[in-house]
Amino acid sequence: MTTIQESVQESAPGPAPTALPTASRPQPEPAHLADLLLRAAEQYPGHGLQYCLTDDPAESRLQPYPELLDEARLILAGLRARGAEAGRKVALLLERPDDFLPAFWACLLGGMTACPLVPLRNDQERWSAQLAHVNALLDGPLLVTTARLCDELPEIPDLEVAVLTDLTADAPLGSDLMEISEAKPTDVALMVLTSGSTGNSKAVMLTHANLLASMAAKAGTQGLTSADITLNWISYDHVAALLEAHLLPLSVGANQLQTTPDTILGDPVRFLRLIDAHRVTMTFTPNFLLGLINQALEPLPDDLSLDLSSLRHIVSGGEANLVTTGVAFLDRLAEYGLARDVLWPAFGMTETCAGSIYNREFPEGDLGAEFAAVGRPVTGLTIRIAAEDGAEGGAADAPDRVLDEGEIGEVQLNGPMITGGYFNNAQATKDAFTADGWFRTGDLGRLVDGRLTLVGRSKDSIIVNGVNYFSHELEALLEDLDGIRKSYVAAFPTRPEGSDTEQLVVAFATTLDPADEAGLHRLLIAVRNSVVMAWGFRPALLLPLPADAFPKTSLGKIQRSLMRKRLEAGDYAAQRSTVDDVVTRHLGGYTAPEGETEQALAEIYAELFDMAPGTVSATASFFDLGGTSLDILRMKRLVGSRLGAVDLPVLAILTAPSVRELAKRLTVREKADPAAYDPIVPLQTSGEKTPLFCVHPGVGEVLVFVNLAKYFVQERPFYALRARGFNPGEKPFESFDEMARTYAAAIREKQPHGPYALAGYSFGSAVAFEIAKILEAEGERVDFLGSFNLPPHIKYRMDELDYIETAVNLAMFLELVSKQQAAELPAQLRPLGKDEQLKHLIDIAPPERLAELDLDLARFTAWADLADGLTGLGRTYQPSGNVRRMSVFYAIPLRGTKEDWLNNELRRWDEHTREENRYLDVPGEHYTLMGPKHVAAFQTILRSELDRSLDGK
């Protein structure tokens with residue numbers, strides 16, 4: 001086990017510490033934020049950032065503060081070479097902490113304004129709207145991102161983009177472009193976007209003076225010194241991560257451990273293991289993680305070995321803190337040295353520079369209450385409670401009426417850490433402050449003996465897992481769905497008994513025929529998927545109601561708080577039961593789990609999806625139930641801990657998504673039975689229309705179809721065909737003909753007779769063609785045969801792919817390298833041996849992506865060997881014979897123009913069909929046509945063509 005202190009001593013020597021110019025030497029009181037990093041680098045050269053981005057809690061990489069300063073100045077030189085000067089706004093779309101933090105400091109050293117962003121990969125339309133809004137709101141900022149994200153970015157007119165690695169590669173070393181700017185205290189250092197929809201989020205302005213005042217007050221309250229070791233796992237678009245968990249420890253020269261959200265949310269106990277492994281003294285987390293940890297430790301594992309005695313306090317903010325959750329956390333972990341007073345419920349907002357009020361009297365000061373108080377303010381911050389209706393009968397500019405101790409009203413704040421307002425939004429700034437200059441938090445609370453307790457919110461918002469969401473924004477989005485009645489959508493929170501965080505309820509009235517049960521089920525799925533794409537989590541309850549069940553004010557405003565009270569009083573029990581019945585029927589009814597493995601998996605599904613034990617059908621799909629990528633990681637952890645399948649690949653969950661299928665996969669793994677191979681992967685099983693069978697590309701795997709399959713829910717089953725050789729004991733195909741005949745037999749077993757619908761992506765196009773020939777020769781009809789962007793003659797392309805080209809293409813397909821890297825790497829790696837080539841690809845891959853795919857060098861090597869074998873089969877392939885007809889979907893080719901690709905290559909399918917083919921233009925490039933950026937457009941074209949072909953039109 002390597003602690004931070006040991007890593008400082010053992011790490012390999014890096015560049016010499018930066019020589020600080022005399023003019024830039026930190027003064028006793030910092031004048032601007034750059035002084036904090038300069039002082040940390042000079043006074044604490046052995047301290048810094050410890051990046052822990054792998055599965056091993058003890059494994060980490062140290063970047064001392066002098067090296068952080070050096071890297072930030074290098075990026076600064078690159079920014080200035082791009083024309084960015086002091087005052088320029090720089091949007092940072094950087095997901096990894098070791099990318100984000102140096103770029104953030106480059107902005108501060110250069111007197112620029114940084115604005116963190118987060119990618120919205122699952123919804124290209126929303127991501128496009130977000131970036132367009134940010135571009136307009138911030139007056140044309142420079143967007144800094146990675147090469148990988150740059151490949152995925154929607155096209156935004158006039159958005160200036162710079163790739164981080166290009167900035168450092170082009171930076172002129174040792175020039176005056178690396179000199180540090182002297183920002184004024186009133187200059188805006190940071191802009192943070194408020195929670196909200198893509199089109200109306202506000203940019204909170206935080207000046208150097210705001211941030212310096214906040215850091216000094218926090219450090220004083222928390223008693224932080226350079227001897228502390230802090231831990232952060234929150235992403236940097238969250239203000240608490242950037243200020244509470246990075247800027248604050250840096251301001252005192254403390255060491256700080258940095259990891260990513262996925263590493264913690266996929267395994268909450270890892271939070272504790274990191275504290276133990278690195279002797280962490282201070283950390284931050286919203287309350288919901290404490291609940292996840294409690295759940296994961298129920299009961300306490302016999303083999304749990306932890307020493308938590310180093311921890312002085314956990315700041316817990318971002319959402320209400322349940323007293324029972326906090327006390328259970330403290331009680332469970334007391335035997336591991338966790339102090340009774342370690343948990344500090346807190347309150348802060350982006351507008352207050354994150355945490356500004358701390359409860360240091362928990363739990364004794366809160367016993368008997370449902371929610372913990374948030375405590376007392378830091379030095380310099382003043383709290384008052386004002387009447388919600390403002391000044392009584394006075395002028396609009398009169399001050400609000402201040403309430404007496406114990407009375408409930410709006411919480412208002414004043415102090416040097418409070419924002420001056422919102423950039424380019426004078427109205428929002430005016431609305432946020434009272435006539436006498438106090439900031440209006442929008443929260444309701446009371447003060448007793450200077451101690452603040454929150455009791456509700458005066459604005460319509462929902463806080464889930466520490467993030468604030470606004471009801472009206474989701475309602476506006478959902479109103480556009482077919483089947484939703486306008487002005488009858490209500491999004492509001494509920495907190496079921498025993499829940500550690502608020503949950504989302506979406507109630508809506510429909511325009512559907514009451515007898516259209518299938519239509520209602522499709523609408524439920526559309527609402528759920530829209531929420532997931534917009535806000536990143538599932539609603540806990542979808543509630544179709546009659547229009548007269550929506551209480552409205554005289555002005556037509558839905559009274560969400562009243563609906564919440566009615567829900568929690570049980571008024572909607574009949575409607576909830578109806579929804580449960582509809583969903584169960586349309587998921588194929590209830591099939592009881594059989595055997596211990598299925599029963600254990602059903603219990604895990606119930607826990608993941610907040611379902612009652614005994615209601616999970618053995619045949620219901622993980623995705624039909626609303627599973628997300630985060631749920632997959634939690635599921636992997638639960639299956640590992642409860643069933644011992646610690647090395648279960650994420651791919652197994654993707655390709656065996658029901659309880660029954662996954663239980664079968666686990667059993668097959670135990671028996672290592674090669675006869676268990678089945679090429680059919682059911683990605684979506686609902687719907688009455690003709691099933692679609694899609695053949696894998698040249699890498700052999702079917703992940704590329706997962707996003708596409710979701711669009712066929714309740715319409716037609718979607719099956720993918722996966723190559724042989726992935727599972728233990730499976731022997732790869734020895735010939736192209738063997739592969740095609742194996743797939744044809746599997747398809748006929750799944751669907752004994754036609755008409756059939758087949759398609760193949762890239763390499764899979766030729767395989768699908770051969771399958772269609774086999775089925776037609778057996779007297780069956782193939783009414784739809786699709787080729788996704790590959791001509792019949794593939795030998796020449798296969799001949800171009802040597803082993804390293806194939807391995808690099810596989811790495812790009814798996815998002816381990818970017819498109820730009822994929823173009824450059826083969827030539828760079830070709831002189832190396834095979835083992836060195838593959839090791840390099842794994843070494844440069846993002847650790848979090850490797851963790852998500854459960855890939856290590858051995859697994860990647862096996863996959864590359866399998867892909868190379870398929871490429872070899874393609875070298876032997878010569879198309880012959882014909883089928884009835886084809887639908888050829890064409891995108892931008894790997895090289896050359898789209899027109900040449902269509903006319904000279906793809907149209908050669910005409911030589912192998914008896915009827916006229918159809919050629920359909922689809923957006924994107926060969927490797928991206930079904931990726932997040934283009935899948936929505938692609939599925940529309942594909943579904944329309946399927947309907948046309950199968951209806952005989």
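Return the residues of region 738-751 that are touching a strand residue (DSSP E or B) at 6+ places or on another chain (Cβ under 7 Å) and either surrounded by fewer than 22 Cβ atoms within 10 Å (Cβ to Cβ) or not assigned by TED's automatic domain parsing to the domain that holds Arg943 (or both); say none if nothing qualifies. Spell out how you get there, then give the answer.
The initial filter retains those residues of region 738-751 that are touching a strand residue (DSSP E or B) at 6+ places or on another chain (Cβ under 7 Å), namely 743, 746-747, 750.
Once the filter is applied, which keeps residues that are touching a strand residue (DSSP E or B) at 6+ places or on another chain (Cβ under 7 Å) and either surrounded by fewer than 22 Cβ atoms within 10 Å (Cβ to Cβ) or not assigned by TED's automatic domain parsing to the domain that holds Arg943 (or both), region 738-751 yields Ala746, Lys750.
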Quiz item: Pick from region 41-66 the residues that are surrounded by fewer than 19 Cβ atoms within 10 Å (Cβ to Cβ) and either under 26 Å from the mean Cα position of the chain (by Cα) or polar (S, T, N, Q) (or both): which of them is modelled with the lowest pLDDT?
Solution: Asp55
Exercise. Assess whether Phe492 counts as being in contact with a Ser or Thr (Cβ under 9 Å, 6 or more places away or on another chain), at pLDDT 75 or above and not aliphatic (A, V, I, L, M).
Key: yes
Quiz item: Is it the case that some residue within region 845-863 is acidic (Asp, Glu), over 22 Å from Pro697 (Cβ atoms), part of a helix (DSSP H, G or I) and within 34 Å of the chain's Cα centre (by Cα)?
Solution: yes
Quiz item: Hey, any hits in region 715-726 for a residue that's surrounded by fewer than 22 Cβ atoms within 10 Å (Cβ to Cβ) and either among the polar types (S, T, N, Q) or part of a helix (DSSP H, G or I) (or both)?
Solution: no
Self-check item: Of all residues making up region 436-482, the number that are at pLDDT 85 or above, assigned to a loop (DSSP other than H, G, I, E, B) and surrounded by 15 or more Cβ atoms within 10 Å (Cβ to Cβ)
Solution: 1
Quiz item: Can you name every residue in region 417-435 that is hydrophobic (A, V, I, L, M, F, W, C) and outside any strand (DSSP E or B)?
Solution: Met417, Ile418, Phe423, Ala426, Ala428, Ala432, Ala435
Exercise. Please determine, by comparing only the residues of region 79-107 that are among the small types (Gly, Ala, Ser) and surrounded by fewer than 23 Cβ atoms within 10 Å (Cβ to Cβ), which one is nearest to Ala189 (Cα to Cα).
Key: Gly87
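With touching a Gly at 6+ places or on another chain (Cβ under 6 Å), crowded, with 22+ Cβ neighbours inside 10 Å, assigned to a helix (DSSP H, G or I) and among the hydrophobic types (A, V, I, L, M, F, W, C) as the only criterion, which of Leu69, Leu76 stands out? Show your work before the answer.
Values: Leu69 fails: touching a Gly at 6+ places or on another chain (Cβ under 6 Å).
Within the list Leu69, Leu76, the selection yields Leu76.
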Self-check item: Candidate set from region 678-701 (those that are surrounded by fewer than 24 Cβ atoms within 10 Å (Cβ to Cβ) and over 28 Å from the mean Cα position of the chain (by Cα)); member that is modelled with the lowest pLDDT
Solution: Gly687
Quiz item: Checking Gly754 against (1) outside the structural domain of Phe622 (by TED's automatic domain parsing); (2) of a type outside the set (D, E, K, R); (3) more than 30 Å from Glu925 (Cβ to Cβ); (4) surrounded by 22 or more Cβ atoms within 10 Å (Cβ to Cβ), which test does it fail?
Solution: (4)
Practice problem: Considering each of Lys218, Lys184 in turn, give the residue that is charged (D, E, K, R), buried (at least 22 other Cβ atoms within 10 Å of the Cβ) and either under 25 Å from Ala40 (Cα atoms) or in contact (Cβ under 8 Å) with a residue 12 or more places away in the chain (or both). | Solution: Lys218
Quiz prompt | Of residues in region 402-417 being over 36 Å from the mean Cα position of the chain (by Cα) and among the acidic types (Asp, Glu), the one farthest from Thr382 (Cα to Cα) | solution = Glu407
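I'm trying to understand the selection: among the residues of region 613-628, which are among the small types (Gly, Ala, Ser), in a loop (DSSP other than H, G, I, E, B) and within 27 Å of the chain's Cα centre (by Cα)?
Our first condition is that a residue be among the small types (Gly, Ala, Ser); within region 613-628, this holds for 614, 617-618, 620-621, 626-627.
Narrowing further to those that are in a loop (DSSP other than H, G, I, E, B): 614, 617-618, 620, 626-627.
Result: Ala620, Gly626, Gly627.
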Practice problem: Please specify each residue of region 274-316 satisfying the condition of being under 26 Å from Ala227 (Cα atoms), touching a Ser or Thr at 6+ places or on another chain (Cβ under 9 Å) and not aliphatic (A, V, I, L, M). | Solution: Asp276, His278, Arg279, Thr281, Thr283, Phe284, Thr285, Pro286, Ser310, Arg312, His313, Ser316
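Select from region 555-577 the residues that are part of a helix (DSSP H, G or I) and in contact (Cβ under 8 Å) with a residue 24 or more places away in the chain and write down the one among them that is farthest from the chain's Cα centre (by Cα).
Residues of region 555-577 that are part of a helix (DSSP H, G or I), as a first pass: 560-568, 573-577.
When the remaining residues are screened for being in contact (Cβ under 8 Å) with a residue 24 or more places away in the chain, the result is 560-561, 563-564, 567-568, 575-576.
Numbers: Arg560: 28, Ser561: 30, Met563: 30, Arg564: 29, Leu567: 30, Glu568: 30, Gln575: 32, Arg576: 29 Å.
That would be Gln575.
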Practice problem: Could you tell me which residue of region 813-828 is nearest to the chain's Cα centre (by Cα), considering only residues that are surrounded by fewer than 20 Cβ atoms within 10 Å (Cβ to Cβ) and modelled with pLDDT of 85 or more? | Solution: Glu824
Exercise. With the condition kept exactly as written, say whether any residue in region 377-400 is closer than 18 Å to Leu290 by Cα and either in contact (Cβ under 8 Å) with a residue 60 or more places away in the chain or part of a strand (DSSP E or B) (or both).
Key: no
Exercise. Find the residue count for region 756-791, including only residues that are in a strand (DSSP E or B) and either without any contact (Cβ under 8 Å) to a residue 40 or more places away in the chain or within 21 Å of Thr876 (Cβ to Cβ) (or both).
Key: 3
Self-check item: Whichever residue in region 124-179 is assigned to a strand (DSSP E or B) and either out of contact with any Asp or Glu (no Cβ under 7 Å at 6 or more places or on another chain) or acidic (Asp, Glu) (or both) and, among such residues, is surrounded by the most Cβ atoms within 10 Å (Cβ to Cβ)
Solution: Val144
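Would you be able to say whether some residue in region 238-255 is touching a residue at least 12 places away in the same chain (Cβ under 8 Å), among the polar types (S, T, N, Q) and closer than 30 Å to Ser641 by Cα? Steps first, answer last, please.
First, pick out the residues of region 238-255 that are touching a residue at least 12 places away in the same chain (Cβ under 8 Å): 238-255.
Next cut, among the polar types (S, T, N, Q) only: 251, 255.
Filter once more, keeping what is closer than 30 Å to Ser641 by Cα: none.
No - not one qualifying residue is present in region 238-255.
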Quiz item: Taking the condition surrounded by fewer than 18 Cβ atoms within 10 Å (Cβ to Cβ) and either within 27 Å of Met191 (Cα to Cα) or of a type outside the set (S, T, N, Q) (or both), does Leu300 pass?
Solution: yes
Exercise. Just name the residue that is farthest from Glu607 (Cα to Cα) out of those in region 517-555 that are modelled with pLDDT of 75 or more, surrounded by fewer than 18 Cβ atoms within 10 Å (Cβ to Cβ) and touching a Gly at 6+ places or on another chain (Cβ under 9 Å).
Key: Gly519
Quiz prompt | Residue that is farthest from Leu790 (Cα to Cα), among those in region 697-714 that are touching a residue at least 60 places away in the same chain (Cβ under 8 Å) and outside any helix (DSSP H, G or I) | solution = Gln714
Practice problem: Looking for whichever is touching a residue at least 40 places away in the same chain (Cβ under 8 Å) and surrounded by 13 or more Cβ atoms within 10 Å (Cβ to Cβ) here; the options are Gly355, Gly406. Which one fits? | Solution: Gly355
Quiz item: Within the group Val315, Val280, which residue is part of a loop (DSSP other than H, G, I, E, B), in the same structural domain as Met215 (by TED's automatic domain parsing) and either crowded, with 17+ Cβ neighbours inside 10 Å or among the acidic types (Asp, Glu) (or both)?
Solution: Val280
Self-check item: Lone qualifier among Thr871, Thr940 - being in a helix (DSSP H, G or I), in the same structural domain as Ala823 (by TED's automatic domain parsing) and not acidic (Asp, Glu)
Solution: Thr871
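The values are calculated or read from the model by the stated rules, or taken from the named source; none is laboratory data. This structure is a prediction, so every number in the text was calculated from the model and none was measured. FYI the Cβ positions are ideal-geometry reconstructions off the backbone, even for glycines, and counts take in every protein chain you see.
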